[in-house]
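Beneath this line is the structure, given in structure tokens, with notes to follow.
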Amino acid sequence: MLRAWRERRRVSQLELALRADSSARHISFIETGRSRPSEEMVLRLAEHLDVPVRERNALLLAAGYAPHYPETPLDDPALDALREGMERLIRGYEPYPALVVDATYHVLAANRGIMMLMDGVPEHLLQPPLNAMRLTLHPEGLAPRIRNLREWRGHLLAQMERQIALHRSEPLRALYEEVAAYPVPDTAGGAEPDEPVPYFALPMQVEHEGRTLSFISSISTFNTPMDVTVAELAIETLLPADPATVKYLHTLMP
């Protein structure tokens, strides 16, 4: 497992040893099972390889130690302050859309801006657990209303590919294979907009009640998480990309 993470990060045994204040010989012995690392060494190597928190627990178990990081359910009273803080944050972002997702894009919380975008989506796609990628790319979801669907779809799939490369997550891979297989309508918008607009980042251009709204996506995660659940949370906010979108949203939700 250690060798797999080291190769994934493209780090040599010598380089990892220098980072972790060890020796290439010791790293080699750990990888071949000739030496059993201490718990502190496992955590140190995982830190220098930027191993996700969930997978650090797996490394510890493989080395014969108990998991170091708890996985607290989000509805646990211990996370009340965190959950309430995130809910206040996304409510305070209204009228602009914002949501909270987990490592496989299940929607854990959403504000009224997101629900506005979901107008017209079939009920079967809105049954829990909601999944942001499925809602966006499903041919009965937002996909038919996204004017630059090919471009936005390419961005989302590339984002998932990067995450799969960083995390050994079978559920995430299964979700990727599902949404990547969704058919793309022949009428889907391409990479070339009707009129060039000087956006500072790739926007999602989505139709809503006869208007085209443009959003730039931003994703926030927690620094130095000490819990698996917290480590896998992400807050996505959709920033209006032009004055017309700002004006319309404030009119819709004063």
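See the values below:
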{"read-out": "Hey, Gln163 at pLDDT 95 or above and closer than 21 Å to His138 by Cβ or not", "value": "no"}
{"read-out": "Residue tally, condition buried (at least 16 other Cβ atoms within 10 Å of the Cβ), of a type in the set (Gly, Ala, Ser) and closer than 18 Å to Ser169 by Cα, over segment 59-80", "value": "0"}
{"read-out": "Residue within segment 113-122 that is within 26 Å of Pro171 (Cα to Cα), without any contact (Cβ under 8 Å) to a residue 12 or more places away in the chain and in a helix (DSSP H, G or I) present", "value": "yes"}
{"read-out": "Neighbours by Cβ (under 8 Å, 6+ apart or cross-chain): first from segment 61-82, free of Cβ contacts under 8 Å to residues at least 60 places away in the same chain; second surrounded by 11 or more Cβ atoms within 10 Å (Cβ to Cβ) and among the basic types (Lys, Arg)", "value": "Ala63/Arg36; Gly64/Arg36; His68/Arg56; Asp75/Arg83"}
{"read-out": "Long-range neighbours under 7 Å by Cβ, at least six apart or interchain, first residue at positive phi within segment 32-51, second assigned to a loop (DSSP other than H, G, I, E, B)", "value": "Asp50/Arg9"}
{"read-out": "Filtered residues of segment 124-153 (kept if in a helix (DSSP H, G or I) and β-branched (Val, Ile, Thr))", "value": "Thr136"}
{"read-out": "Pairs where the first residue, in segment 93-105, is under 24 Å from Glu178 (Cα atoms) and in contact (Cβ under 8 Å) with a residue 24 or more places away in the chain and the second is part of a loop (DSSP other than H, G, I, E, B) and among the acidic types (Asp, Glu), C-beta under 8 Å, 6+ apart", "value": "Asp102/Glu232; Ala103/Glu232"}
{"read-out": "Identity of the residue in segment 144-181, in contact (Cβ under 8 Å) with a residue 60 or more places away in the chain and over 15 Å from the mean Cα position of the chain (by Cα), that ends up nearest to His208 (Cα to Cα)", "value": "Arg145"}
{"read-out": "Among residues of segment 215-254, those that are farther than 30 Å from Leu82 by Cα, surrounded by 15 or more Cβ atoms within 10 Å (Cβ to Cβ) and of a type outside the set (D, E, K, R), counted", "value": "2"}
{"read-out": "Residue ID - farthest from Thr237 (Cα to Cα), chosen from residues in segment 106-130 that are of a type in the set (Val, Ile, Thr) and under 19 Å from the mean Cα position of the chain (by Cα)", "value": "Val107"}
{"read-out": "Candidate set: segment 170-206, residues that are assigned to a helix (DSSP H, G or I) and of a type in the set (Asp, Glu); chosen: the one modelled with the lowest pLDDT", "value": "Glu170"}
{"read-out": "Residue within segment 36-52 that is surrounded by fewer than 18 Cβ atoms within 10 Å (Cβ to Cβ), farther than 23 Å from Ala103 by Cβ and among the hydroxyl-bearing types (Ser, Thr, Tyr) present", "value": "yes"}
{"read-out": "The listed residue being closer than 29 Å to Arg9 by Cβ, within 19 Å of the chain's Cα centre (by Cα) and charged (D, E, K, R), out of Glu47, Glu71, Glu40, Glu87", "value": "Glu71"}
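Here is a yes/no grid of residues against (1) over 28 Å from Glu7 (Cα atoms); (2) small (Gly, Ala, Ser); (3) exposed (fewer than 15 other Cβ atoms within 10 Å of the Cβ):
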| position | (1), (2), (3) |
| --- | --- |
| Asn131 | yes, no, no |
| Leu137 | yes, no, no |
| Glu140 | yes, no, yes |
| Arg145 | yes, no, no |
| His167 | no, no, no |
| Glu170 | no, no, yes |
| Leu175 | no, no, no |
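The values are calculated or read from the model by the stated rules, or taken from the named source; none is laboratory data. Small disclaimer: the values here were computed from a predicted structure and weren't measured. We place every Cβ from the backbone using ideal geometry, glycine too, and count neighbours over all the protein chains shown.
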